[in-house]
Amino acid sequence: MLEEIAQDNIVRTSASNQPMFSTDVDYDEVVLEKEKACTEWKSLDDSTRRQFANLTAFEAASGVRDVKDPKLIPAKNLSLVLKEIKKRVDREDPLRLLGIEPLDFDEENIELAECIENVEEIRELYRLRKASSGNSANAGISAHEAAKIKNCFSQGRELFIAGRNGSLMVKPLNFFYALTAYTYGVIILNNPLRYRKDMLPGSHGMSYLPTSMQAQFGGDSPRGTFSDLIGAFPTQLVTRGGVSFNIDCSQSLIEFYNNRFDVSLGTLLSLIPEMSDYYKLTTGRRSRCFPLDIVSSNDPRRLTWEFQIGDGETRPSKEAIEQGFTSGLPSFLYRTEGSIEN
């Protein structure tokens, strides 16, 4: 059983359903054409306007596509995500790391989590996390929607406490639903394509394949909590010392939805930093997670940052680093099938 759980392989299959994102149509151009047609409609004299039943008929006669056409949804999704990414990458980092006393880490985290369970705090957090939502008092989500997220956070906290204090038999289930409840709020606060709780799909967004003991997600798998959580982070914030910047992850999102992945548990465990030592102890293989430090190099002529990857004892191969920095996804996800080399 341990050998099966620790297997390290992945199968990547091209998706066959309607894509989540598409570059076939420039959605922003369609919107501009509609706005232009609306302006022209307002300037028409009455006799010319009577030749058309309404504005929609005039737009159709002018060759303007309907922005609500379901076929344009993938192009619209891409437009929304790219706009949000640009806003996040261009702005100064609004977040600051908060130090927590390690001797009382769990209790302080629970207290901080409880502080977020406030409608106005959640509305402000929504405007902070979603850079394209605007900064006005009425921007973002309504108090009614914020109250739903507040309830999700409250439920998640209570379930976590119940799991922590409960018997071993109920811990996994309580922790799972605690994470799920928190994830709903995280998705609404971060995913550019989700604005309300009732927009969330009913599926988990990940399937378990008992025959091969693999997790299946992405592509034409049912979309749900897991896939929405992936989409909630179209950028990745990197903060090390005095350096802070956002990474554009749009290519990773596109690849995630264009392909279905069947991934063994061992592969997933190799990607969790906190499991690095345990993963090596149980499998004999190196984890795929390495410490990262970013420092300024000693070059008086220009500002240069140096990425120091590794812990001084072990480090990834040069080929693995080059693959990781030239592709939108970790290099192993581009493998079609078979075992994966460290």
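The values are calculated or read from the model by the stated rules, or taken from the named source; none is laboratory data. The structure displayed is predicted, hence computed values, not measured ones. FYI the Cβ positions are ideal-geometry reconstructions off the backbone, even for glycines, and counts take in every protein chain you see.
Quick notes on this structure:
- Residues satisfying the stated conditions in region 26-53, i.e. within 16 Å of residue 83 (Cβ to Cβ) and of a type in the set (A, V, I, L, M, F, W, C): 30, 31, 32
- Sole exception among (1) under 22 Å from the mean Cα position of the chain (by Cα); (2) assigned to a helix (DSSP H, G or I); (3) of a type in the set (A, V, I, L, M); (4) modelled with pLDDT under 90 for residue 103, by number: (1)
- Hits in region 33-83 - residues which are under 30 Å from residue 253 (Cα atoms) and of a type in the set (A, V, I, L, M): 64, 67, 72, 73, 75, 78, 80, 81, 82
- Some residue of region 224-245 being touching a Pro at 6+ places or on another chain (Cβ under 8 Å) and acidic (Asp, Glu): yes
- Count of region 83-100 residues which are under 30 Å from residue 24 (Cα atoms) and not in a helix (DSSP H, G or I): 1
- For residue 80, the criteria (1) without any contact (Cβ under 8 Å) to a residue 24 or more places away in the chain; (2) among the hydrophobic types (A, V, I, L, M, F, W, C); (3) surrounded by 13 or more Cβ atoms within 10 Å (Cβ to Cβ); (4) not in a loop (DSSP other than H, G, I, E, B) hold in every case but one, which is (1).
- Taken over region 45-66, the criterion of being of a type outside the set (Asp, Glu) and surrounded by 14 or more Cβ atoms within 10 Å (Cβ to Cβ) is satisfied by 49, 52, 55, 58, 60, 62, 64, 65.
- Top-ranked residue in region 131-153 [being in contact (Cβ under 8 Å) with a residue 40 or more places away in the chain and under 29 Å from residue 101 (Cα atoms); ranked as surrounded by the fewest Cβ atoms within 10 Å (Cβ to Cβ)]: 153
- So residue 180, is it assigned by TED's automatic domain parsing to the domain that holds residue 119, within 28 Å of residue 97 (Cα to Cα) and surrounded by fewer than 19 Cβ atoms within 10 Å (Cβ to Cβ): yes
- For residue 164, the criteria (1) within 28 Å of residue 84 (Cβ to Cβ); (2) assigned to a helix (DSSP H, G or I) hold in every case but one, which is (1).
- Sub-7 Å Cβ pairs linking a first residue in region 279-292 that is in contact (Cβ under 8 Å) with a residue 60 or more places away in the chain to a second residue that is part of a helix (DSSP H, G or I), at least 6 apart or interchain, are 283/266, ordered by first then second residue.
- Given (1) over 30 Å from residue 240 (Cβ atoms); (2) part of a helix (DSSP H, G or I); (3) free of Cβ contacts under 8 Å to residues at least 40 places away in the same chain; (4) not acidic (Asp, Glu), index of the condition residue 63 fails: (2)
- Qualifying residue in region 209-226 (condition: surrounded by fewer than 14 Cβ atoms within 10 Å (Cβ to Cβ) and under 28 Å from residue 182 (Cα atoms)): yes
Condition check ((1) crowded, with 16+ Cβ neighbours inside 10 Å; (2) in contact with a Lys or Arg (Cβ under 7 Å, 6 or more places away or on another chain); (3) under 30 Å from residue 282 (Cβ atoms)) across all residues:
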residue: 12; (1), (2), (3): yes, yes, yes
residue: 25; (1), (2), (3): yes, no, no
residue: 32; (1), (2), (3): no, no, no
residue: 70; (1), (2), (3): no, no, no
residue: 76; (1), (2), (3): yes, no, no
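- Elements of type strands (runs of 3 or more DSSP E) in region 202-318, at least 3 residues being polar (S, T, N, Q): 235-240
- Meets criteria (touching a Leu at 6+ places or on another chain (Cβ under 9 Å), farther than 16 Å from residue 80 by Cβ and surrounded by fewer than 17 Cβ atoms within 10 Å (Cβ to Cβ)) for residue 244: yes
- Residue 254 fulfils the conditions (1) at pLDDT 90 or above; (2) in contact with a Gly (Cβ under 6 Å, 6 or more places away or on another chain); (3) surrounded by fewer than 20 Cβ atoms within 10 Å (Cβ to Cβ); (4) of a type outside the set (D, E, K, R) except for a single criterion, (2).
- Test: residue 236 is out of contact with any Cys (no Cβ under 9 Å at 6 or more places or on another chain) and at pLDDT 85 or above: no
- Set 45, 93: member being touching a strand residue (DSSP E or B) at 6+ places or on another chain (Cβ under 6 Å) and not assigned by TED's automatic domain parsing to the domain that holds residue 262: 93
- The numbered conditions (1) at pLDDT 95 or above; (2) more than 26 Å from residue 262 (Cα to Cα) are all true for residue 187 except (2).
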